[in-house]
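The values are calculated or read from the model by the stated rules, or taken from the named source; none is laboratory data. Because the structure is a prediction, the values reported are computed rather than measured. No Cβ is skipped: glycine too gets one built from the backbone with ideal geometry, and neighbour counts run over all protein chains shown.
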Amino acid sequence: MNVEEVLQKLVSFPVLGGQSNLSILNWIKEVLESRGVTAYLVPNKEGNKASLHCRIGPEVDGGVILSGHMDVVPVEGQEWTTDPFVLTDKGDGKLYGRGSCDMKGFLACCIAALPQMLEADLKKPIYFAFSYDEEIGCLAAPELARAIRTHYSETPKYALIGEPSMMEPIVGQKGIYIMETYVNGSAGHSSRIKQEVSAIHETMRLILWLENKMDELIKDNRIDDRFHPPHSSIHIGLVNGGIAPNVIADKAYFYWDLRTIPMDDIQGIVSDFETYCRQREKELRKIFPGFAIKNVEHHPSVPHLDTKADDDIVDLIKRISGNSKLDTVSYAAEAGQFANEGFQAAICGPGSIEQAHRADEFIAKDQLQKGMVMMNKLIEELSTAQFS
Ligand SMILES: [Zn+2]
């Protein structure tokens, strides 16, 4: 199968983040096994989802992990002009379909290059590491990265995460944390606002605290020019509470996200916020003893990626991608999680992130071909005895 045929097959599995991925998983597993490659699964507790990893090449230290996710984002509410789960060639040099770019294009390159990998005289191994539930918070990658480190007797050195980057090496990624904050006040007639505790009024105070926190970080010159924007950001994306203008709201909640540059610490910022919440509770319980603020993790934090420009993986990716300009991103990806397991990690893959998550998502055919060129160059590199 060529890369477009593989991609066509991968796009036909409508596996969204959060859903069982056994259909696409089993297809990939069969392809690997039909070539004599043993695939290992890292299942979830319920057994309805699993990540997959395998080794191609010799059992020696220093290999390269190719990492990607099998799930995609929903298409509901988006105006698609083609069937999102049928890869469509409109004759304009682009292939349309959900996940074509994010990131089944890269998976297709890995799978399509498998015969060449098997034929080559690899001196260092290549590993596939395909995860699930990336789109709902990079949930499976920590366990998958750990499984790879502990399963094999040898230790891989590099992890290449093939998120769409127009084949540019990405060496930095912001840390990401999403929190839900619930405020419990007391209900009453609006005229009694000084005798009750409005959950809405307190919610607004918390939101302003968060905004001020972001501004303080900027004022303290916590700036990293590699990122756009160059500071940590805090944003409230959903607020809910109240029933009428003349009723004091006893309940309100909001969802917010925190995207940190490597020098800032997610847990530190969250713990400052918790301290402020406890202060407000102490103060307002004098008026209403049941006043409470509860913070709930929307999903576990995704660590930042901070690969140094002189790390060996940067050289390797520059050579195999043909691009030497380094960049950073502010979206969540699994690279920081592989780095936390001790692998040198960077992002580089075909397609543009601008096309991801949208109606009529596509990957340009020439990007897919560039992805294949990168695979072939990687095989060449790993077939030379000097590779380290
Ligand atoms: Zn992705």
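Quick one: count up the residues across region 85-124 that are more than 25 Å from L32 (Cα to Cα), in contact with a strand residue (DSSP E or B) (Cβ under 8 Å, 6 or more places away or on another chain) and surrounded by fewer than 24 Cβ atoms within 10 Å (Cβ to Cβ). Looking only at that region, the number is 5. Give me the pairs: first residue in region 21-37 and surrounded by 15 or more Cβ atoms within 10 Å (Cβ to Cβ), second residue polar (S, T, N, Q), beta-carbon distance under 8 Å, and six or more apart or on different chains, which are they? As it stands, the answer is L22/N48; L32/T38, since those pairs meet every condition given. Give me the pairs, please: first residue somewhere in region 162-186 and in contact (Cβ under 8 Å) with a residue 60 or more places away in the chain and in a strand (DSSP E or B), second residue anywhere and surrounded by 24 or more Cβ atoms within 10 Å (Cβ to Cβ) and basic (K, R), beta-carbon distance under 6 Å, and either six or more positions apart or on two chains. Sorted first by the residue in region 162-186, then by its partner, the pairs are I176/R259. Cβ separations smaller than 8 Å between residues 6+ apart or across chains give the following pairs from region 198-220 residues that are charged (D, E, K, R) to residues that are in a helix (DSSP H, G or I): E202/R280; E202/L284; R205/R280; K213/I269; K213/D272; K213/F273.
Residues that are in contact (Cβ under 8 Å) with a residue 24 or more places away in the chain, surrounded by fewer than 24 Cβ atoms within 10 Å (Cβ to Cβ) and not in a loop (DSSP other than H, G, I, E, B) are absent from region 131-140 altogether.
Listed here are the residues, each with its yes/no results for (1) assigned to a helix (DSSP H, G or I); (2) surrounded by 14 or more Cβ atoms within 10 Å (Cβ to Cβ); (3) among the hydrophobic types (A, V, I, L, M, F, W, C).
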| site | (1), (2), (3) |
| --- | --- |
| K213 | yes, yes, no |
| L217 | yes, yes, yes |
| F227 | no, yes, yes |
| N240 | no, no, no |
| A252 | no, yes, yes |
| D257 | no, yes, no |
| D264 | no, yes, no |
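Say whether the condition of being surrounded by fewer than 23 Cβ atoms within 10 Å (Cβ to Cβ) and either within 16 Å of the ligand (Cβ to nearest atom) or over 30 Å from D312 (Cα atoms) (or both) is met by at least one residue in region 54-68. No, every residue in region 54-68 fails to be surrounded by fewer than 23 Cβ atoms within 10 Å (Cβ to Cβ) and either within 16 Å of the ligand (Cβ to nearest atom) or over 30 Å from D312 (Cα atoms) (or both). Taking the criterion of being within 14 Å of the ligand (Cβ to nearest atom), part of a strand (DSSP E or B) and either modelled with pLDDT under 95 or farther than 24 Å from H231 by Cα (or both), the residues of region 316-363 that qualify are V329, I363. Might you let me know whether region 96-119 holds any residue that is part of a loop (DSSP other than H, G, I, E, B), more than 14 Å from the ligand (Cβ to nearest atom) and either free of Cβ contacts under 8 Å to residues at least 24 places away in the same chain or over 22 Å from K9 (Cβ atoms) (or both)? Looking through region 96-119, none of the residues is part of a loop (DSSP other than H, G, I, E, B), more than 14 Å from the ligand (Cβ to nearest atom) and either free of Cβ contacts under 8 Å to residues at least 24 places away in the same chain or over 22 Å from K9 (Cβ atoms) (or both).
Here V197 meets each of (1) under 32 Å from the mean Cα position of the chain (by Cα); (2) over 25 Å from L52 (Cα atoms) with one exception, condition (1). Examine region 365-382 for a residue that is crowded, with 21+ Cβ neighbours inside 10 Å and touching a Ser or Thr at 6+ places or on another chain (Cβ under 6 Å), and state whether such a residue exists. So far as region 365-382 goes, yes, one or more of its residues are crowded, with 21+ Cβ neighbours inside 10 Å and touching a Ser or Thr at 6+ places or on another chain (Cβ under 6 Å).
Considering only region 302-312, I want to know if a residue exists there that is in contact (Cβ under 8 Å) with a residue 24 or more places away in the chain, in a loop (DSSP other than H, G, I, E, B), exposed (fewer than 14 other Cβ atoms within 10 Å of the Cβ) and on the phi < 0 side of the Ramachandran plot. Within region 302-312, one or more residues are in contact (Cβ under 8 Å) with a residue 24 or more places away in the chain, in a loop (DSSP other than H, G, I, E, B), exposed (fewer than 14 other Cβ atoms within 10 Å of the Cβ) and on the phi < 0 side of the Ramachandran plot. What's the total number of residues in region 69-80 that are out of contact with any helix residue (DSSP H, G or I) (no Cβ under 7 Å at 6 or more places or on another chain) and within 16 Å of the ligand (Cβ to nearest atom)? So the count comes out to 6.
Pairs are defined by a Cβ separation below 9 Å, a sequence spacing of at least 6 or placement on different chains, a first member in region 80-94 that is over 12 Å from A364 (Cβ atoms), and a second member that is assigned to a loop (DSSP other than H, G, I, E, B) and of a type in the set (A, V, I, L, M, F, W, C); the pairs so defined are W80/A359; T81/A359; P84/V75; P84/A359; F85/F13; F85/V75. For region 154-161, state whether one or more residues are of a type in the set (F, W, Y), at pLDDT 95 or above and away from the ligand (no atom under 16 Å from the Cβ). Taking every residue of region 154-161 in turn, at least one turns out to be of a type in the set (F, W, Y), at pLDDT 95 or above and away from the ligand (no atom under 16 Å from the Cβ). For V42, indicate whether it is out of contact with any strand residue (DSSP E or B) (no Cβ under 9 Å at 6 or more places or on another chain), crowded, with 17+ Cβ neighbours inside 10 Å, on the phi < 0 side of the Ramachandran plot and touching a residue at least 60 places away in the same chain (Cβ under 8 Å). So V42 does not fit the description; no.
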